[in-house]
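A short worksheet on the structure shown next.
The values are calculated or read from the model by the stated rules, or taken from the named source; none is laboratory data. Because the structure is a prediction, the values reported are computed rather than measured. Glycine gets a Cβ as well: all are built from the backbone with ideal geometry, and neighbour counts include every protein chain shown. Accessible surface areas use protein heavy atoms only, side chains included; no ligands, DNA or RNA. Shrake-Rupley method; radii C 1.70, N 1.55, O 1.52, S 1.80 Å.
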Amino acid sequence: MVLRTLPLLAALLVLQLGCHQILSFTHGTAAHPTETGTADGPRPVVDSRRVPDTLDPKCACKIDGQCYEAEAPNPANKEQICDPAVSLKSWGVAHGYLGTIAGTGAADDGVFLDGPALKARFDGPIAVAVVPGGGVYVADNWNLRVRLVRDGLVSTVAGNGTSGSRDGPALDGELMGPQGVAVASGGEVFISDKGAGRLRVLKEGILSTIAGSNPACTDGGLGTGKLNGPQGLDLDGTDQAYVADSECATIRKLSGGALTTLAGVAGSSGYKNGPATSAQFSHPTGVALDGDTLFVADELNHVIRVIVGGQVQLVAGDPKADPQLGPQDGAAEQARFNAPHDVALDGKGGLYVADCGNSRLRRIDLTTRQVTTVAGTAWGCTDGPAKEAAMACAIALAVDSGGRVYIADFHNNRIRLYNP
């Protein structure tokens, strides 16, 4: 469960470190991040007419011969040569790096600001979903909004910042804690509204309730089927929704307007594998669908599970291990997680895990059943080489068609990008 407050020591650490947003390169070789703060200068001017053949393919811009991967200040009287294809394709984050693509990291409660991505403000970003064609939706939990990061800008697409469950025009609509987002085949945005116990959908500027009412754990159609704590969700090829219903300790399915329980026993938390109808979860928060196989982030059991063929099985993690001992890579069933909150498939036989309590991005090779850490080293807020960078609760993730991983960095109030 995500807590509203940070431990004092961790909060001081985040404030002290800040996130460095400019990555400097020399002769195409990665160096350590340049400590320039939060990129107060304007975005470099993209001038495709001035891209020389010798521009390093990893560069987004060069200023006086210095290569920049991310947004850079615009110093007076300095020549800038920018490659728009690189900037737009990889958001200015080099391969093997973790970078910030949106958010200032402001830690004050209730902060909200749309506009240029690196000046925008989030408050508890807790879910992300890739937009086909470019961009990423963000469930901005405590701002009670769903936001869109695209083309270097952040905008609000649903929610007016007032807690409630009013449907209607999306920017006048109300949310009570959006904690899951997914994009349907037609472009509609499905939203898990945890506080309201509802599934909402954003279509053509209109926000509607499609499942749930008062929080409860009952199956049935609209009006009778209810959820209690819906969080991560995923959609199949026909836009049927699979939802981690955290407070019910179940995995739910919405099909044809009716809610059913796919796995778990409503209101009965625990750890039990076997037939899906009698299996037990403890605060499941994330799901990822691969054909008929559904992976689940079982947050308070500190493990990753899978539902396949009507059975629930363990994928990785040890439910008996003490998560406070820290992360452990290696063989899947000996690996250690701490409150893994979300999962996403990489399309290459791997499953990424947002290991919130360890502030790391982990990957499970589903063939070799080995767990590795691919990004993050400790609680903090720094960009740079992925295994040296720091996050403060990597809580949710989404993978685009190019294999890049978008991460909701919860306590840093930023959206980060890992480019493998």
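Aliphatic (A, V, I, L, M), under 25 Å from ARG362 (Cα atoms) and modelled with pLDDT of 95 or more - does that describe any residue in segment 264-271?
Residues of segment 264-271 that are aliphatic (A, V, I, L, M), as a first pass: 265-266.
Going one step further and asking which of them are under 25 Å from ARG362 (Cα atoms), we end up with none.
No, segment 264-271 contains no residue that is aliphatic (A, V, I, L, M), under 25 Å from ARG362 (Cα atoms) and modelled with pLDDT of 95 or more.
Which of the numbered conditions does LYS253 fail, given that it passes all the others? Conditions: (1) outside any loop (DSSP other than H, G, I, E, B); (2) within 21 Å of VAL303 (Cα to Cα); (3) open to solvent by 40 Å² or more (accessible area, probe 1.4 Å); (4) touching a Phe, Trp or Tyr at 6+ places or on another chain (Cβ under 8 Å). In the conditions (1) outside any loop (DSSP other than H, G, I, E, B); (2) within 21 Å of VAL303 (Cα to Cα); (3) open to solvent by 40 Å² or more (accessible area, probe 1.4 Å); (4) touching a Phe, Trp or Tyr at 6+ places or on another chain (Cβ under 8 Å), LYS253 misses (2) alone. Checking each residue in segment 279-312 for being of a type outside the set (A, V, I, L, M, F, W, C), open to solvent by 40 Å² or more (accessible area, probe 1.4 Å) and under 17 Å from ALA249 (Cβ atoms) picks out only GLN280. Here LEU325 meets each of (1) touching a residue at least 12 places away in the same chain (Cβ under 8 Å); (2) in contact with a strand residue (DSSP E or B) (Cβ under 7 Å, 6 or more places away or on another chain) with one exception, condition (1).
Before we move on, is ASP219 in contact (Cβ under 8 Å) with a residue 40 or more places away in the chain, among the acidic types (Asp, Glu) and open to solvent by 20 Å² or more (accessible area, probe 1.4 Å)? Considered against the rule, which asks whether it is in contact (Cβ under 8 Å) with a residue 40 or more places away in the chain, among the acidic types (Asp, Glu) and open to solvent by 20 Å² or more (accessible area, probe 1.4 Å), ASP219 comes out as yes. Looking only at segment 224-243, residues that are open to solvent by 10 Å² or more (accessible area, probe 1.4 Å), within 16 Å of VAL201 (Cβ to Cβ) and not in a strand (DSSP E or B) come to 4 in all. Scanning segment 256-278 for residues that are crowded, with 24+ Cβ neighbours inside 10 Å and not hydrophobic (A, V, I, L, M, F, W, C) yields one hit, GLY264. Among the residues in segment 197-216, are any among the small types (Gly, Ala, Ser) and under 21 Å from PRO132 (Cβ atoms)? The answer is yes; a qualifying residue exists.
Is at least one residue of segment 370-391 surrounded by fewer than 20 Cβ atoms within 10 Å (Cβ to Cβ), out of contact with any Leu (no Cβ under 9 Å at 6 or more places or on another chain) and closer than 14 Å to ALA316 by Cα? So far as segment 370-391 goes, yes, one or more of its residues are surrounded by fewer than 20 Cβ atoms within 10 Å (Cβ to Cβ), out of contact with any Leu (no Cβ under 9 Å at 6 or more places or on another chain) and closer than 14 Å to ALA316 by Cα. From the list VAL303, VAL287, which residue is hydrophobic (A, V, I, L, M, F, W, C) and closer than 15 Å to PRO319 by Cβ? VAL303 is the lone residue from the list that is hydrophobic (A, V, I, L, M, F, W, C) and closer than 15 Å to PRO319 by Cβ.
Exactly one residue out of LEU345, LEU325, LEU351 is of a type outside the set (Lys, Arg) and open to solvent by less than 10 Å² (accessible area, probe 1.4 Å), and it is LEU351.
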